[in-house]
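Every number in this text was worked out from the coordinates using simple rules, so none of it is lab data. Treat the numbers as computed from the prediction; the structure is a model and nothing was measured. Cβ coordinates were reconstructed from backbone atoms using ideal geometry, including for glycine residues, and neighbour counts include every protein chain displayed.
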Amino acid sequence: MPHTPDAIVLDGKKRMHSAIETLKKEMATIRTGRAHASLLDTVHVDYYGSAMPLNQLATVTVPEPSLLVIQPFDRSSIKAIETGILKSELGLNPANDGNVIRLPIPPLTEERRKELVKVLHRLGEEIRTSVRNVRRDANEHLKRLEKDKANPVSEDLVKKTLDQIQKATDEHIKEIDEILKHKEAEIMKV
């Protein structure tokens with residue numbers, strides 16, 4: 001952990017930003033009814049005894065808004081890729097013609113949209129909690145720094161730093177809320 005108040009704030013901001021990046025990556029896998037290659041980022045394929053990410057075994061293209069086309073580098077892996085997609089919790093049905101896999105993206109039902117929004121809210125709450133945990137860790141570290149006999153930090157500096165940490169937390173929580181609001185609108189848009 002850092003040993004100065006400024007370093008504690010900087011480390012906290014970096015960890016909060018990392019949590020937001022995690023949120024963005026997780027949200028990319030939530031289906032909105034439009035095809036995009038990142039939809040398959042979480043799909044792993046059992047290929048010669050090891051689980052490999054789909055994007056290392058094939059090229060994924062989006063020829064039209066409701067279709068993904070998966071072109072395997074090795075045609076013998078086509079069945080394994082198909083199985084990996086079916087095992088994933090995406091709810092998509094691959095169609096294989098021997099050379100490529102076509103993955104039609106069906107339009108979302110109102111019920112499925114509401115389920116996805118619930119998943120989105122749950123994910124958002126996890127990320128908010130992680131940002132708050134970063135704040136708690138930074139505050140605790142700052143308090144320990146204040147009590148350190150060898151390198152005492154003034155009360156004023158501790159109070160100022162606590163305010164900076166809270167301000168950073170508020171900004172990151174607000175950013176999370178904005179990202180979630182935008183994604184929810186995208187999901188609910190028919």
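Pairs of Cα atoms nearer than 8 Å and 6+ residues apart set the relative contact order; for the chain it is 25 percent.
Cα to Cα, under 12 Å, and not fewer than 8 places away if on the same chain: which aspartates and glutamates meet these conditions relative to residue 167? Within reach: none. Our summary gives the stretch 37-104 a relative contact order of 30 percent, counting only alpha carbon pairs under 8 angstrom and 6 or more residues apart. Fully extending the segment from residue 4 to residue 137 would add 46.5 nm, taking 0.36 nm per residue of separation and subtracting the current Cα-Cα distance. From the cross-link list 25/114; 24/118; 25/159; 79/114; 13/160, which pairs have alpha carbons spaced over 26 Å apart? As for pairs spanning more than 26 Å Cα to Cα, those are 25/159; 79/114. Ignoring aspartates and glutamates fewer than eight residues from residue 143 along the same chain, the ones with Cα atoms less than 15 angstrom from its Cα are 6, 155, 156, 163. Label sites at residue 46 and residue 14, each approximated as a point 7 angstrom past Cα along Cα to Cβ, lie 4.1 nm apart.
Of 99, 39, 8, which is farthest towards the positive pole of the chain's charge dipole, taken about the Cα centre with +1 and -1 on the beta-carbons of Lys, Arg and Asp, Glu respectively? After comparing all options, I get 8.
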